[in-house]
Structures are given as C-alpha cells and as structure tokens.
Amino acid sequence: MVVNLLATPVAIPIAAGFASPSYAAEACTPGKTKKIAFMMKQQTAFRYLHADMPFFVKAAKESGYEVIVQSAENDAQAQVAQAENVITQGVDAIVINPVDFNVAAQIAQMALEAHIPLASYNDLITGADQVAYIGRDAREGGQIAAKALVAKVPKGNYALIGGDPGQTGATDMQAGYHDILDRYVKAGDVKIVMDQLAKGWKAEPAQAFAENALTQTGNKVDAFLVSYDGESLGVMQAVEGAGLKAGSIPVTGQDMELAAMQAIVEGRMDGSVWPAPDEMGTAAGKVAVAMASCKPIESKDVINNGVRNMPWIKTPIYYVDQGSIADFVCKHSYWLSADDVYKNVPSKKPAC
C-alpha cells in the first residue's frame, strides 16, 4: 500500500540533542527523494488504520514528504522483503514497527549499510543500531494494568496472557505485570496460575490459555491480565464458556478497540490500556522528517538497543476502566463515537 501525500514543506520543530557514532549528524546526507517508509507489522488491528498510520502520514505530509506505507500482517519474512523494496526505492528514512525484533535486526543493518536512517516504532528492535525508538513504555503499561487489578483483587489466582513472544512490547508488558504482582506472590496473597505469551496476539491461543487456567483451577481464576483487546475477547469467551457470568472475573486488555470498549461499558471487561497511538504516530512522523533532513533528535529518555543507548521518544500510556471510559470517549471523538461504544447500553451514553 502506498500513500502518496505531497504538500508544501512546513517546518516542524525538532531540536538538536543527539548524535551517534553510526548515525552521526555530520556523516548524514539529507535525502533527495522526499519519500519516507512507514512499515507497520499489521494493519488489521483497529489502531494502525485509525491512529498510527493517519497521524504519521499527517505529520510527514505537513513537511512535504510522501509516505510509503507497508504492512507485513505479522509475517517477519514478508517485512524483510518489504524493507528490501523500500531500500531499493531509495527512501530518505524508515520507521518500522517490527514483527519480530530478532529478524528486524537484519532490516536495521540493511538500512545502515544503505545509509538510510531507521527508527523502530512501538516495539524496539534489539541487537542492531538505529537512530531512535518511538513508543510507549510497554513495561509501564503492564504495571498500570496490574496496579488497577490488584487494587480491586488484592488476593487470589491471577492468569497472565501476553502478546507475541517475538515482540518487545509483549515481553516488556509481561515483565511489568511481574513488577507489581511478584511482591504479592511473595507475600502469599497472589498465585500466578497461568503465564503465557500468545503468538500473533491472536484470540484463539489466548482463549485456549484461559480455558486451561480455568480447568486447572476448577474455575477459580480471580483476575486475567491480558495484553491486547483481541486476546481479551477470547478470554471472555472462555469465561462465559465455563458457565461463569460475564464480568465476574476482571479482564484487562490493550488498544481500546470497539469490542473491548463495548465490553467495558457493559461491565463484561474491567479496562484496557491506551498506548496513545495518535501521539505515537505524530511523534514518529516528525522523527522520520528529522532523520530524512539530517536533524538531530531531541529526547528526554534513552533506551539501549543492544548496541548502544539511543534517543527514546516516549509517548504516554494509561489505563481506561469502567469509571473513566466516558471521559475517554468524549476526549477522543476521532477514535470511536459514543453511539458505537454505547450501542448496547444507550442509557449510559455520556453527553459529550
């Protein structure tokens, strides 16, 4: 998929502040094609088509850049082939949300050898040099979700169901769960009865994990910490399939997709982590423009990519639950309408 968006260049302020031995500003030559590649791991998830991609494109368009959008649909080797293609086209910069951080290290090396600046997005590429990382702190996302559930369920059996094991966003979020829960486990208040990562962030393995947890405990699971809304739907199906009342076991998610938001307002799901993909996409578009024009990247944070510390443009992340979702809906009108979210419970719809 190619999105051709050309406009009169508009200055986007990105201050100086960082240069690396491999991607030093003095060794950089501004690009000439006015093309930037935005490589998504997938576009089937609602957020990528409705936030990450359009906000990235808008930011790049405002500086006169054409955006070549690629989606690998969670196929790591397909993403390598797409990278080879955009490198051959001679793009001025690449921003990539890696399908697999190990495989994507090859892409980062390919870009470096082609003298094309590259930044990783949403999931960090490890073991290869890049210019920057743009994304939320997934570990913090796990922490805030775990804190939210522990406040409601301070004791009991917890099942942890994460995302794809090949993506740092999944493994970091799982680590965040443990940052909070392990102290409760040590105190004897919490028992972790399931701790799994679901390949591809898919509902089917998540549902199977949840069914196993319920079977092994005789339906005595007190909370499900789940790392993606699509997986949460599978978990809720497992709960109801076990003959338990919808909403009787708190379930979390991530991304604030429609089905999850409807489940939250209906009381069937506790809440979902919002990784602010709108702000992430905008920040990434600005970073891409800065890389393409050889402007250094300013950041308050750094992150290690396995080679060195590099700038981390950290975007916000927070938890939205039954008590705060109405405010979220009203403040994010571009995302999903109140009519859609409250379709099954119109009497609860807020007057935005």
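The values are calculated or read from the model by the stated rules, or taken from the named source; none is laboratory data. All figures in this text were calculated on a predicted structure; none of them were measured in a lab. Because the Cβ atoms are built from the backbone with ideal geometry, glycine has one as well, and the counts that use them run over all protein chains shown.
Name the single residue that is surrounded by the fewest Cβ atoms within 10 Å (Cβ to Cβ) among those in the stretch 88-103 being more than 24 Å from the chain's Cα centre (by Cα) and closer than 23 Å to Ile313 by Cβ.
Asp92
Starting from residues that are among the polar types (S, T, N, Q) and not in a strand (DSSP E or B), keep the ones in the stretch 168-197 and report whichever is nearest to Tyr133 (Cα to Cα).
Selected residue: Thr168.
Filter the stretch 95-106 for residues that are touching a strand residue (DSSP E or B) at 6+ places or on another chain (Cβ under 9 Å) and without any contact (Cβ under 8 Å) to a residue 60 or more places away in the chain; which is farthest from Ala45 (Cα to Cα)?
Ala104
Go through the stretch 199-234 and count every residue that is within 16 Å of Asp164 (Cβ to Cβ), free of Cβ contacts under 8 Å to residues at least 60 places away in the same chain and part of a loop (DSSP other than H, G, I, E, B).
Of the residues in the stretch 199-234, 1 are within 16 Å of Asp164 (Cβ to Cβ), free of Cβ contacts under 8 Å to residues at least 60 places away in the same chain and part of a loop (DSSP other than H, G, I, E, B).
Step by step: first the residues of the stretch 241-269, then only those that are charged (D, E, K, R) and either in contact with a helix residue (DSSP H, G or I) (Cβ under 8 Å, 6 or more places away or on another chain) or without any contact (Cβ under 8 Å) to a residue 12 or more places away in the chain (or both), then the one that is surrounded by the fewest Cβ atoms within 10 Å (Cβ to Cβ). Which residue is that?
Taking the stretch 241-269 and keeping what is charged (D, E, K, R), we get 245, 255, 257, 266, 268.
This time we only want the ones that are either in contact with a helix residue (DSSP H, G or I) (Cβ under 8 Å, 6 or more places away or on another chain) or without any contact (Cβ under 8 Å) to a residue 12 or more places away in the chain (or both), so: 245, 255, 257, 268.
Details: Lys245: 9, Asp255: 22, Glu257: 22, Arg268: 21.
Among them, the one singled out is Lys245.
Could you check, for the stretch 314-324, whether at least one of its residues is among the aromatic types (Phe, Trp, Tyr) and either in a helix (DSSP H, G or I) or at positive phi (or both)?
So in the stretch 314-324, the residues among the aromatic types (Phe, Trp, Tyr) come out as 318-319.
Imposing the further condition that a residue be either in a helix (DSSP H, G or I) or at positive phi (or both) reduces the set to none.
No, every residue in the stretch 314-324 fails to be among the aromatic types (Phe, Trp, Tyr) and either in a helix (DSSP H, G or I) or at positive phi (or both).
Of the conditions (1) in contact (Cβ under 8 Å) with a residue 24 or more places away in the chain; (2) touching a strand residue (DSSP E or B) at 6+ places or on another chain (Cβ under 6 Å); (3) among the hydrophobic types (A, V, I, L, M, F, W, C), Ala238 clears all except one; give me its number.
Condition (2) is where Ala238 drops out.
Would you tally the residues in the stretch 126-151 being among the hydrophobic types (A, V, I, L, M, F, W, C), under 25 Å from Tyr319 (Cα atoms) and either surrounded by 24 or more Cβ atoms within 10 Å (Cβ to Cβ) or at pLDDT below 95 (or both)?
So the answer is 5.
In the stretch 229-286, what residues are of a type in the set (D, E, K, R) and under 20 Å from Ala326 (Cβ atoms)? Can you show your working first?
Quick first cut of the stretch 229-286, residues of a type in the set (D, E, K, R) only: 229, 231, 240, 245, 255, 257, 266, 268, 270, 278-279, 286.
Within the stretch 229-286, Asp229, Asp255, Glu257, Glu266, Arg268, Asp270, Asp278 qualify.
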